[in-house]
Amino acid sequence: MKINVIITGATGMVGEGVLQECLKNDQVEKILLINRRSAGYQHSKVEEILLSDFFDLSSIKEKVANYHACFFCLGISSIGMKEPAYTKTTYDLTLNFAGLLAEVNPGMTFCYVSGAGTDSSEQGRSMWARVKGKTENDLQKLSLNVYNFRPAFMKPFKDAKHVKSAMKSLISIFSLFRPFNPSYFLTLEEVGKAMINVSIHGYSKHILETKDIAFMSSTK
């Protein structure tokens, strides 16, 4: 089975890594990037839409039809943000986008990148974890086949364009710690493969912790 996928957040490290895996994976036939600014990738598989306002999706409604999956990698750090602002850019924005897809492509697979430590109870002390947990929970209420991905440390592809300098300094520790916990220290190649495989084969759980992501990355 070949799939057509939508990717958001390809101007960030995670989204770019998922895109790079989709570009080289024969099971992905068509890729639609939806970004605020160009990801800078030219490829026969790729179409890109630049969207300045993710709260106004009227211009893309017809363009997102007939896709099998969405890999939602758009996100921001909560550092220095108050809860209302973080909620708007994390919860509100995500549910707005997913709601459109549920209307246009009901039943499509929606892979949402949250993170290790996300709080499903929505009651914990960590602000970002509560907001991510509410986002995961409410995505499940839509007419989509939602899989919430909770990766921890992720190593980008060697030729990635969108890696922050702070992250580059941490990449060197990957090879040191990966042997001791291979499912915690993932590569973005593995995350991308897991999303593709979940979209094609499904999975028994709708929350994928790091060990689940590692397992699904090796599914044939």
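The values are calculated or read from the model by the stated rules, or taken from the named source; none is laboratory data. The shown structure was predicted, so the numbers you read here are calculated from the model rather than taken from an experiment. For neighbour counting, all protein chains shown are included, and Cβ atoms are generated from backbone atoms with ideal geometry for every residue, glycine included. These accessible areas exclude ligands, DNA and RNA; they are computed on the full protein's heavy atoms, side chains included. Shrake-Rupley method; radii C 1.70, N 1.55, O 1.52, S 1.80 Å.
Remarks
- Test: residue in the range 8-24 that is surrounded by fewer than 20 Cβ atoms within 10 Å (Cβ to Cβ), farther than 15 Å from Met195 by Cβ and without any contact (Cβ under 8 Å) to a residue 12 or more places away in the chain: no
- Across the range 25-38, the number of residues qualifying as closer than 16 Å to Ala65 by Cβ and open to solvent by 30 Å² or more (accessible area, probe 1.4 Å) comes to 2.
- Hey, Leu50 open to solvent by 80 Å² or more (accessible area, probe 1.4 Å), without any contact (Cβ under 8 Å) to a residue 40 or more places away in the chain, under 24 Å from Thr90 (Cα atoms) and among the aliphatic types (A, V, I, L, M) or not: yes
- Flag if Asn4 is among the polar types (S, T, N, Q), surrounded by 13 or more Cβ atoms within 10 Å (Cβ to Cβ) and without any contact (Cβ under 8 Å) to a residue 40 or more places away in the chain: no
- Residues that are open to solvent by 20 Å² or more (accessible area, probe 1.4 Å), of a type in the set (Lys, Arg) and in contact with a helix residue (DSSP H, G or I) (Cβ under 9 Å, 6 or more places away or on another chain) within the range 133-152 comprise just one, Lys134.
- Within the range 72-90, the set of residues being of a type outside the set (A, V, I, L, M, F, W, C), open to solvent by 40 Å² or more (accessible area, probe 1.4 Å) and more than 22 Å from Cys22 (Cα to Cα) comprises Ser77, Gly80, Lys82, Glu83, Pro84, Lys88, Thr89.
- In the range 57-71, the residues that are of a type outside the set (Phe, Trp, Tyr) and open to solvent by less than 40 Å² (accessible area, probe 1.4 Å): Leu57, Ile60, Val64, Ala65, Ala69, Cys70
- The lone exception for Pro106 - which of (1) surrounded by fewer than 17 Cβ atoms within 10 Å (Cβ to Cβ); (2) on the phi > 0 side of the Ramachandran plot it fails: (2)
- Yes/no for Ile79 being on the phi < 0 side of the Ramachandran plot, of a type in the set (A, V, I, L, M) and free of Cβ contacts under 8 Å to residues at least 40 places away in the same chain: yes
- The residue of the range 85-115 that is nearest to the chain's Cα centre (by Cα), among those that are of a type in the set (Val, Ile, Thr) and closer than 19 Å to His201 by Cα, is Val113.
- Selection count where residues are under 19 Å from the mean Cα position of the chain (by Cα), over 16 Å from Val146 (Cα atoms) and either modelled with pLDDT under 70 or outside any helix (DSSP H, G or I) (or both), scope the range 164-218: 8
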